[in-house]
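What follows is one structure encoded as C-alpha cells, with my remarks underneath.
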Amino acid sequence: AYTGAFTVHAALGQAASTTTVDLSAQYCSWAERNLVRNGFTPGPAHRVICDDVFQWLSHTRERFDVIVLDPPSFSTSKKMARSFDVQRDHERLLATAREKLDSGGTLYFSTNRLDFELSDRVQGAQRLTNTLPDDFRREVHQAWRLSAT
C-alpha cells in the first residue's frame, strides 16, 4: 500500500472497486487518508486491508481484473512468519497473485531492487519499458506485465 498511490489512481480512473493490502498499519492509514483527500470513502468500494499479502491472497476467494504488486525489496516484521525478500519470494508472490486474476486479467509487478533478476520460471512476463518523465526516472525501477494463466 505504502501511500496508496496506485489505489487512488485506480479510483480516479473510475475503477468500480479497489482493494489495498499491506501489513503495515501506518501504510494502511496513509492509503485511507489519501483516498479521503482525493474524494473517496474507504469502505466496501475502496477497501484497505491490514494483513500479510501472502496470507490474504491464500484465503481470499475474490478475483480481480487488475492486480498491481509493488513490494518492498526486503521486509521483516514480527507479524510475518519469515522475512520477505523480493528476489527470493517473487515467484511465489506472482504465482499466488496470478491465481486471483479473472480470465483476461492483468498483473503488473515492479521492483526497485538494484540487482533484481526475474526468474526464468515466471512464464509469460512482458518487460515494461520505463515511460516515466526524466525528472522521475530511476534506473533501478523495473516492471513487468503478466496475464492470467
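The values are calculated or read from the model by the stated rules, or taken from the named source; none is laboratory data. Computed from a prediction, not measured in an experiment: that's the story for all the values here. Note that each Cβ is placed from the backbone with ideal geometry, even for glycine, and that neighbours are counted across all protein chains shown. The protein model used for the area step is the full one, side chains on, heavy atoms only, and it has no ligands, DNA or RNA in it. Shrake-Rupley method; radii C 1.70, N 1.55, O 1.52, S 1.80 Å.
Can you tell me which condition ASP65 does not meet? The list is (1) over 20 Å from ALA15 (Cβ atoms); (2) of a type in the set (Asp, Glu); (3) not in a helix (DSSP H, G or I), and all the others hold.
Against the list (1) over 20 Å from ALA15 (Cβ atoms); (2) of a type in the set (Asp, Glu); (3) not in a helix (DSSP H, G or I), ASP65 comes up short only on (1).
So how many residues does the range 34-62 have that are out of contact with any helix residue (DSSP H, G or I) (no Cβ under 9 Å at 6 or more places or on another chain) and either part of a helix (DSSP H, G or I) or touching a residue at least 40 places away in the same chain (Cβ under 8 Å) (or both)?
Qualifying residue count, the range 34-62: 6.
Which one of these is out of contact with any Pro (no Cβ under 8 Å at 6 or more places or on another chain), more than 21 Å from THR149 (Cβ to Cβ) and either hydroxyl-bearing (Ser, Thr, Tyr) or in a loop (DSSP other than H, G, I, E, B) (or both): PHE116, PHE6? So that I can check it myself, show each step before the final result.
On the way: PHE6 fails: either hydroxyl-bearing (Ser, Thr, Tyr) or in a loop (DSSP other than H, G, I, E, B) (or both).
After applying the criteria, what remains is PHE116.
So PRO42 ticks every box in (1) under 17 Å from PHE109 (Cα atoms); (2) open to solvent by less than 60 Å² (accessible area, probe 1.4 Å); (3) not small (Gly, Ala, Ser) but one. Which box is left unticked?
In the conditions (1) under 17 Å from PHE109 (Cα atoms); (2) open to solvent by less than 60 Å² (accessible area, probe 1.4 Å); (3) not small (Gly, Ala, Ser), PRO42 misses (1) alone.
Condition (residue is among the basic types (Lys, Arg), within 18 Å of GLY124 (Cα to Cα) and touching a strand residue (DSSP E or B) at 6+ places or on another chain (Cβ under 7 Å)) applied to the range 81-92: is it met by at least one residue? Please lay out each step first, then the result.
In the first step, residues of the range 81-92 are kept if they are among the basic types (Lys, Arg); the result is 82, 88, 92.
Next, only the ones that are within 18 Å of GLY124 (Cα to Cα) stay: 92.
Imposing the further condition that a residue be touching a strand residue (DSSP E or B) at 6+ places or on another chain (Cβ under 7 Å) reduces the set to none.
Checked against the condition, which is being among the basic types (Lys, Arg), within 18 Å of GLY124 (Cα to Cα) and touching a strand residue (DSSP E or B) at 6+ places or on another chain (Cβ under 7 Å), the range 81-92 yields no hits at all.
Specify the residue that is surrounded by the most Cβ atoms within 10 Å (Cβ to Cβ); the eligible residues are those in the range 68-104 that are in a strand (DSSP E or B) and under 12 Å from the mean Cα position of the chain (by Cα). Show your work before the answer.
We begin by selecting, within the range 68-104, every residue in a strand (DSSP E or B); these are 68-69, 74-75, 84-85, 101-104.
Those left that are additionally under 12 Å from the mean Cα position of the chain (by Cα): 68-69.
Details: VAL68: 19, LEU69: 21.
The extreme case among them is LEU69.
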